[in-house]
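**Q** I have a structure I would like to understand better, so I am pasting it below and will then ask my questions one at a time.
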Amino acid sequence: MKVVNSIKELRSHINTWKRRGHEIGLVPTMGYLHEGHKSLINAASDDNSKVVVSIFVNPIQFGANEDLDSYPRDIERDSKICEAAGADLIFNPSPEEMYGENFSTYIDVEGLTEELCGAKRPGHFRGVCTVVSKLFNIVNPTRAYFGEKDAQQLAVIKRMVADLNFDIEIIGCPIVREEDGLAKSSRNTYLSEEERKASLVLNRSLLKAKSALKEGIKDSDKLVQIISQELNKEPLAKIDYIEIVDSTSLKPVKNIDRPVLVAIAIYIGKTRLIDNFIFQ
Ligand code: PAF
């Protein structure tokens, strides 16, 4: 597995591939890969003749009190996972390589970033959109792959790609879960044994919400109440947000008469976990 750290070297591989007529799939990640990332790499290698996985813990999408320094990193472990999943190359730049001296250009997507995680993590999506645009410009992929667990991120990136005319197809891939239902996340490694058990409340509360919707509940306040009652049964869980929003505009929905995204963020101890589903 080739691991490339410089933009110049990456571009030379990309140019050779493009000249030879390859279609390139990009899987942007922050590393410490799990089954969810594997499913993105698998999808990219099914659709494209070359696959680039970027591994970069992007400092500008972390808030001052967030886990930038403790975010798990292990490039050797990640290389093996990428190779087994069908990637051709890992792009693993340093922060200095990505953000040279005097870096001062940022991408802000308005409208979709004020709610949900955007409200709780100011500046987060600005950081995500800036780094993803840079990766798009550096790799120039045919397609790029993102997980549906970060539903707001996926919606924001689709908006940015449409608004800025990136000629890239954005593919959303389904949430991958542990056998007991917890959505796979690099941050799950922070959980102690007790916290890991407690984290199951996240998926349990979403399943309750799904049943309520299937039974015909239309009032989003009632649905939020059902979810929060379930979450409050778990003493280690602290609710960050519970939101029922239009699945495209991400604006809050009062009466559930259209496809909605039901999205939750909770803290288990110091670890922030998110999960969601879309109800058509
Ligand atoms: O979803 C992630 O891991 C990150 O937000 C991304 C898209 C790789 C940008 O840093």
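The values are calculated or read from the model by the stated rules, or taken from the named source; none is laboratory data. Remember, predicted model here, so these are calculated numbers, not experimental data. No Cβ is skipped: glycine too gets one built from the backbone with ideal geometry, and neighbour counts run over all protein chains shown.
**Q** Of the residues Asp74, Asp47, which single one is within 17 Å of Ala144 (Cα to Cα), away from the ligand (no atom under 13 Å from the Cβ), surrounded by fewer than 17 Cβ atoms within 10 Å (Cβ to Cβ) and modelled with pLDDT of 95 or more?
**A** Exactly one residue qualifies, and that residue is Asp47.
**Q** Right, something else. Across the range 224-234, what is the total count of residues that are of a type outside the set (Lys, Arg), touching a residue at least 12 places away in the same chain (Cβ under 8 Å) and farther than 14 Å from Ala265 by Cβ?
**A** 3
**Q** Could you please give the count of residues in the range 73-105 that are under 16 Å from Ile41 (Cβ atoms) and charged (D, E, K, R)?
**A** Looking only at that region, the number is 5.
**Q** Right, here's the next one. Among the residues of the range 58-71, count how many are surrounded by fewer than 19 Cβ atoms within 10 Å (Cβ to Cβ) and either of a type in the set (Gly, Ala, Ser) or within 12 Å of the ligand (Cβ to nearest atom) (or both).
**A** 8
**Q** Any idea how many residues of the range 138-165 are closer than 18 Å to Phe91 by Cβ and more than 14 Å from the ligand (Cβ to nearest atom)?
**A** Number of matching residues: 3.
**Q** Further question on the same structure: Which residue out of Ser79, Ser6, Ser104 is farther than 20 Å from Lys158 by Cα, away from the ligand (no atom under 16 Å from the Cβ) and surrounded by 14 or more Cβ atoms within 10 Å (Cβ to Cβ)?
**A** Ser79
**Q** Could I ask something else about it? Condition test on Gly181, is it in a strand (DSSP E or B), modelled with pLDDT of 95 or more and either among the small types (Gly, Ala, Ser) or within 30 Å of Ile138 (Cβ to Cβ) (or both)?
**A** Answer is no for this residue.
**Q** Taking Val109 as meeting all but one of (1) hydrophobic (A, V, I, L, M, F, W, C); (2) part of a loop (DSSP other than H, G, I, E, B); (3) within 12 Å of the ligand (Cβ to nearest atom), write down the number of the exception.
**A** Condition (3) is where Val109 drops out.
**Q** Still on this structure, please answer the following. Looking at Ile239, Ile217, which one is of a type in the set (Val, Ile, Thr), touching a Ser or Thr at 6+ places or on another chain (Cβ under 7 Å) and at pLDDT 95 or above?
**A** Step by step, each of Ile239, Ile217 is checked, and only Ile239 is of a type in the set (Val, Ile, Thr), touching a Ser or Thr at 6+ places or on another chain (Cβ under 7 Å) and at pLDDT 95 or above.
**Q** Mind counting the residues in the range 175-187 that are within 16 Å of the ligand (Cβ to nearest atom) and in contact with a Lys or Arg (Cβ under 9 Å, 6 or more places away or on another chain)?
**A** Selection size over the range 175-187: 6.
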